[in-house]
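The values are calculated or read from the model by the stated rules, or taken from the named source; none is laboratory data. The model shown is predicted, which means the values in this text are computed figures rather than measured ones. Backbone-built Cβ (ideal geometry, glycine too); neighbour counts: all protein chains shown. With ligands, DNA and RNA removed, areas are computed over all heavy atoms of the protein, side chains included. Shrake-Rupley method; radii C 1.70, N 1.55, O 1.52, S 1.80 Å.
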Amino acid sequence: MKLLHIDSSILGDNSASRQLSHSVVQAWKTAEPAAVVTYRDLASDAISHFSAATLVAAGTTAELRNAAQQHEAELSASTLAEFLAADAVVIAAPMYNFTIPTQLKAWIDRIAVAGQTFRYTEAGPEGLCGNKKVVVVSTSGGMHVGQATGVGHEEYLKVMLGFMGITDIEFVRAHGLAYGDDVRNKAMSDAQAHISEQLFAAA
């Protein structure tokens with residue numbers, strides 16, 4: 001099994017989402033020792049945002065691309081190839097200003113490719129990645145599940161992944177992290193317990 005691990009927090013070692021996403025990956029490797037993990041850190045090795053330059057690079061034949069265009073084309077191709085090759089994906093998704101980090105959005109823009117991860121048909125759009133499982137590590141300073149403020153975070157990821165055909169999505173949550181040490185410690189402890197006791201209970 002091939003597992004793609006995505007981190008996106010800008011907080012480095014102080015990041016709750018990084019700590020939990022690494023716990024998920026370790027639990028997954030324990031459950032499936034043969035799993036091969038590919039890791040991408042979107043904060044330390046940021047993917048440039050989708051832009052006109054990206055479109056120009058994609059529309060220019062390889063032999064006519066300049067160095068910048070070649071870099072853009074290779075970045076898009078390698079990012080997409082990693083995702084397509086993965087059987088499962090662990091996505092660390094902290095909430096920044098009621099939505100996902102821009103670094104994570106830049107990654108999504110590189111994998112949401114017509115004809116590769118979805119296609120349009122006469123009956124409407126069809127996702128092409130329905131064979132993948134995704135675990136989303138969702139962290140936030142406040143409490144947003146079921147609230148209007150949560151729509152731009154978890155709901156966006158559900159919609160985007162569903163658009164690509166992925167419905168096997170599980171969330172590991174640690175919310176209320178800014179509500180003081182007691183609340184933070186309980187949220188992290190509950191999330192770790194979910195990972196160790198429930199996430200791979202059927203494995």
> Taking a quarter of the surface of the convex hull around the Cα atoms of the range 67-150, what do you get in nm²?
Replying inline: 7.6
> Short version: ³J(HN,Hα) in whole Hz for each residue of the range 90-98, in order, from phi by Karplus 6.51 cos²θ - 1.76 cosθ + 1.60 (θ = phi - 60°), x for Gly and Pro, what are they?
Replying inline: 10, 10, 8, 10, x, 8, 10, 6, 6
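How large is the convex hull of the C-alpha atoms of the range 142-203 per residue, in Å³?
Values: hull volume 5.2 nm³, N = 62.
So the per-residue hull volume is 84 Å³.
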> So what are the ³J(HN,Hα) numbers for the range 164-179, from phi and the Karplus equation (6.51, -1.76, 1.60; θ = phi - 60°), rounded to whole Hz, Gly and Pro as x?
Replying inline: 8, x, 8, 10, 8, 10, 10, 10, 10, 10, 9, 10, x, 5, 9, 8
> Which residues' amide hydrogens lie under 5 Å from the amide hydrogen of THR38, considering only partners 5 or more residues apart or on another chain, with H built in the peptide plane?
Replying inline: LEU3, LEU4, HIS5
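When all alpha-carbon pairs of the chain are counted, what percent fall beyond 27 Å? Don't skip to the answer; put the middle values down first.
Details: 6676 of 20503 pairs.
Here the long-distance tail beyond 27 Å is 33 percent of all Cα pairs in the chain.
From the P(r) of the range 24-103, could you give the percentage of C-alpha pairs in the tail past 19 Å? Each step should come with its number before you reach the end.
Working: 1684 of 3160 pairs.
Of the Cα pairs, 53 percent sit more than 19 Å apart.
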> Can you give me the Cα centroid spacing of the range 106-122 and the range 55-89 in angstrom?
Replying inline: 13
> Share of antiparallel DSSP beta bridges in the chain, in percent to the nearest 5?
Replying inline: 15
> Excluding ligands, DNA and RNA, what is the solvent-accessible area per residue of the range 58-203 at a probe of 1.4 Å, expressed in Å²?
Replying inline: 50
> If Lys and Arg each add +1 and Asp and Glu each add -1, what is the summed charge of the other residues whose beta carbon sits under 9 Å from the beta carbon of ILE6?
Replying inline: -1
> For the chain, which whole percent of the accessible surface, found with a 1.4 angstrom probe, sits on carbon and sulfur atoms?
Replying inline: 54
